[in-house]
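The values are calculated or read from the model by the stated rules, or taken from the named source; none is laboratory data. Treat the numbers as computed from the prediction; the structure is a model and nothing was measured. Note that each Cβ is placed from the backbone with ideal geometry, even for glycine, and that neighbours are counted across all protein chains shown.
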Amino acid sequence: MMQWSASQQRAWAALNLGPVWEPLPRSGSREAVQPNEVLRQGATASQALSPGGSSSDSPAGWAELRARVADCRDCPLGHQRKQAVFGSGSTAARWAIVGEAPGAEEDERGEAFVGQAGRLLDAMLASMGWSRTKDFFITNVLKCRPPGNRTPAPTEVAACARHLQAQLRQLEPLALLILGRVAAVHLLGGSAPLAHLRERIHLVGSNAREIPAVVTFHPAYLLRSPQDKAKAWEDLNRFAALQDRATEALRCAGL
Ligand code: URA
């Protein structure tokens, strides 16, 4: 398990998130907490979350994770893919986005969210003034494309889980934006419909170290159901409010 610096541990404690990363639970997360509970500005103003740079951005760590994903044959998808899709964006980002699985274009190019759904995701991020390349690390529950873009099988999700866990441990994001039901069920557990998961801040992880998360619609769903784009906009604003709280906590701590 990666060691956290003292300031990182204080930062998590200040936000009431705890000092130590624990593996993501197979099912079940703490849920339905209010933003104020999650990002309560701590007991001391000198404590806040780490920005996710320094130790979390170790090039050796990322290189090793990339190699593990590229070599992975833990499920049959590893033998069928053209390329494994590790993730895109910045490995020094404070924020992470987790989607479902690569599609045809992602499989072809080896990059996450570069197809039609990815272009909508880009537009959604741009509408909030966020940069996909600088502000986020974007990845998926599955690193390999399921044939015909079918829904990932539970066995595939289970086989791939170690890669996402390792990425989140390495990145130490301050908050997660979860796209769609497959990622929500994997990260949060349970079987609630997406509509029930959207309007709350969740905590992903277990016990000591938990990452606040907002759930929204998958962009592929929004392409089919554009009437829900307004709700997705609300979700992005919820995520922006979470970002503001984390950023303010960092500012108070002088980090
Ligand atoms: N859909 C996803 O969930 N991820 C991608 O990378 C592309 C489409």
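Here are a few things to note about the model shown:
- Within the span defined as the range 83-91, one or more residues are part of a strand (DSSP E or B) and surrounded by 19 or more Cβ atoms within 10 Å (Cβ to Cβ).
- Entry remark, the range 199-224: residues being over 19 Å from Val185 (Cβ atoms) and at pLDDT 95 or above number 2 in total.
- Figure legend. Inter-residue proximity from the range 131-158: first residues touching a residue at least 60 places away in the same chain (Cβ under 8 Å), second residues away from the ligand (no atom under 12 Å from the Cβ) and part of a loop (DSSP other than H, G, I, E, B), beta-carbon distance below 7 Å, spacing 6+ or different chains. Indicated pairs: Lys143/Cys72; Cys144/Arg81; Arg145/Arg81; Thr155/Cys75; Glu156/Cys75.
- Residue that is surrounded by the most Cβ atoms within 10 Å (Cβ to Cβ), among those in the range 201-220 that are over 23 Å from Asp135 (Cβ atoms) and not hydrophobic (A, V, I, L, M, F, W, C): Ser206
- Filter result for the condition that a residue is surrounded by 15 or more Cβ atoms within 10 Å (Cβ to Cβ), over 28 Å from Asn237 (Cβ atoms) and either out of contact with any Asp or Glu (no Cβ under 6 Å at 6 or more places or on another chain) or among the acidic types (Asp, Glu) (or both), over Leu65, Leu125, Leu121: Leu65
For (1) among the small types (Gly, Ala, Ser); (2) closer than 21 Å to Val69 by Cα, each residue gets a yes or a no:
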{"position": "Gly115", "(1), (2)": "yes, yes"}
{"position": "Met128", "(1), (2)": "no, no"}
{"position": "Phe137", "(1), (2)": "no, yes"}
{"position": "Asn140", "(1), (2)": "no, yes"}
{"position": "Arg150", "(1), (2)": "no, yes"}
{"position": "Glu156", "(1), (2)": "no, yes"}
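- Count - residues of the range 73-119 that are among the hydroxyl-bearing types (Ser, Thr, Tyr), free of Cβ contacts under 8 Å to residues at least 60 places away in the same chain and more than 10 Å from the ligand (Cβ to nearest atom): 1
- Lone qualifier among Ala158, Ala184, Ala153 - being under 16 Å from Ala220 (Cβ atoms) and modelled with pLDDT of 95 or more: Ala184
- The set of residues from the range 174-231 being more than 16 Å from the ligand (Cβ to nearest atom), touching a residue at least 60 places away in the same chain (Cβ under 8 Å) and of a type outside the set (A, V, I, L, M, F, W, C) comprises Gly189, Gly190, Arg200, His202, Gly205, Ser206, Asn207, Arg209, Glu210, Pro212.
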